[in-house]
Amino acid sequence: MTSLGEELLPGTQRALTHRIALAQTEGRAPSLVAAVAREGRMVWVGSRGGVDGREPDAETQYRVGSITKVFTAVLVLRLHDEGLLDLGDPLEKHLPGTGVGEATIAQLLAHTAGLSAESPAPWWERTPGTVRPGLADVLGERPVVHPAGRRHHYSNTGYTVLGSLVEAVRGAPWEQTLRREVLAPLAMDRTGPQPVAPHARGWAVHPWADVVLPEPMEDLGLMAPAGQLWSTAADLCRFATFLAEGDERVLSAASVAELRTPSVPPEGDDWDGGYGLGVQLARRAGRSLAGHTGSLPGFVASLWLSVADGVAAVALANATSGPRISAVAADLVGIVADAEPRIPEPWRPLTEVDQELLSLTGPWYWGTSAFGLKLVAERGLELYPLLGAGRGSRFAARPEGTWAGLDGYYAGETLRVVRRPDGSVSHLDLGSFVFTREPYEPGGATPGGVDPEGWRGLRG
């Protein structure tokens, strides 16, 4: 067991150690390694069990399975940000002849394209990629099993197609593009498609006896973009920081936020989970998490981060099943965030004040509902209900003098200040909704007009 200095309080470190010890013992994993990052720095590493006669550490490689999908999604978003494709484009526009119909790139990223979950037999995770030399072999005779855009249906084959899309647009193999565009800039030198010592071996643990069986470690070929990668706890902490903050050398903060934005509601009654663009989303103990889980024969892996708390956790084990690795990583985030909550940045006044914008602040009314308008940094505005529930949003200033909604009901909508002929402010227009300084202001711009007799009492 190792830890990193005094980065975390002793009580927090002991709670983290206890959690992974419980997971490794109850899950009967030959080895388990976990790490926590806070504010972009790895602050704790712990391990149990052994790899080649020693405890694993933050540089020991494990296979991470479907966490690979997040890397593939990052490559696709890079193509989008460079203007080489649009997420609304049908796949056929860039990769014709796949037989997946008019499914869009965004739908493939979000697992809503309707593609089958798995490739045809034999079981792709335990057979070499040479069994499936072409996309037709991966997709099979019936690649589409649901109407596109109608439901979330997790699809490994969909990410195989996305990997082929990256290769087609870049004109280079997926592995080379990944190394050049993501792994190298993020200094993820211990992440790649093949294991490099020291690395764990994958094991199956007998369900009714404490004995193990080695699992095959196949090169997945065309299926690689869905689950090929090997990585370490240290490298995945770096990747988690990138998923929280972005990195202009790879993707901007706005683009990684798009990865983390829910695309569709989850299946059935599971309203504690969802999916963005290549990123799994979850709610645990009231906390919003983003990341991904992964498994391949012999390995399970999990990466979760809480952007609000500035905490991320990684857990890796070399057992086909046993440790509930997703819960382990989520619990590690919760342990740190609850025991040592993030200290907020100090409040500071604005350095510059636009008096005209300042005059817009204060109460506004949509009908009879009261809202407050607040001026924030960079000429931004915040609109929030003053009484009870209501629709609020943050707004970013646009160069032409309007504001764009950033979140909530008004995300993407335009906020405008409407002026009278004399230049005075008449009202705010927010996506056609009129906000006035007084509720149903006489002579104002409220659609439908205001009764000229004004407010009155009622007799029984």
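Sites listed here are GluC sites (Glu not before Pro) in the stretch 335-406 whose DSSP assignment is loop and whose Cβ has at most 12 other Cβ atoms within 10 Å: Glu352, Glu400. Separation of the stretch 363-391 and the stretch 417-448, taken as the distance between their Cα centroids, equals 15 angstrom.
Express in % the proportion of alpha carbon pairs of the chain at distances exceeding 41 Å. Tail of the P(r) past 41 Å holds 29 percent of the pairs. The Cα atoms of the stretch 13-62 cover 32, 22, 14 Å along the three principal axes, with the biggest extent listed first. Of the complete DSSP H runs in the chain, those spanning 24 angstrom or more by Cα along the long axis with a mean Kyte-Doolittle score not below -1.0 are 10-27. Checking every one of the trypsin sites (Lys or Arg not before Pro) in the stretch 402-460 against DSSP loop status and a limit of 13 other Cβ atoms within 10 Å picks out Arg456, Arg459. With contributions of -39500 (n - 2.57) from each DSSP H run of at least four residues, the per-residue ellipticity at 222 nm computed over the chain stands at -6500 deg cm²/dmol. Val33 sits among other residues whose Cβ lies under 11 Å from its own Cβ, and their net charge, with Lys and Arg +1 and Asp and Glu -1, is -2. The GluC sites (Glu not before Pro) of the stretch 18-116 that DSSP puts in a loop, and whose beta carbon has at most 11 other beta carbons within 10 Å, are Glu82.
Over all pairs of distinct alpha carbons, what does the Kirkwood formula give as the hydrodynamic radius of the stretch 304-460, in Å? Value: 19.5 Å, from the Cα pair sum.
In whole angstrom, note down how far apart the Cα centers of the stretch 25-67 and the stretch 199-251 are. The two parts, judged by their Cα centres, are 11 Å apart.
Return the equivalent ellipsoid semi-axes of the stretch 1-129 as a descending list in whole Å, where each equals the square root of 5 times an eigenvalue of the C-alpha gyration tensor.
Each semi-axis is the square root of five times an eigenvalue, giving 40, 21, 12 Å.
Each label was represented as a point 7 Å from its Cα along the Cα-to-Cβ direction; for Ser424 and Arg391 these points are 2.9 nm apart.
Remark on the stretch 355-435: Rg and Dmax equal 11.9, 35 Å (Cα only).
Label point of His18 set 7 angstrom out along Cα-Cβ; within the stretch 325-343, amide nitrogens under 18 Å from it belong to 328-341.
Spin-label model, Glu248 to Asp89: label points 7 Å out along the Cα-to-beta-carbon direction sit 2.6 nm apart.
Read-outs: derived from the displayed coordinates by stated rules, not from any lab. Everything quoted here is computed from the prediction, not taken from an experiment. As a convention, Cβ positions derive from the backbone with ideal geometry for all residues, glycine included, and neighbour counts pool all protein chains shown.
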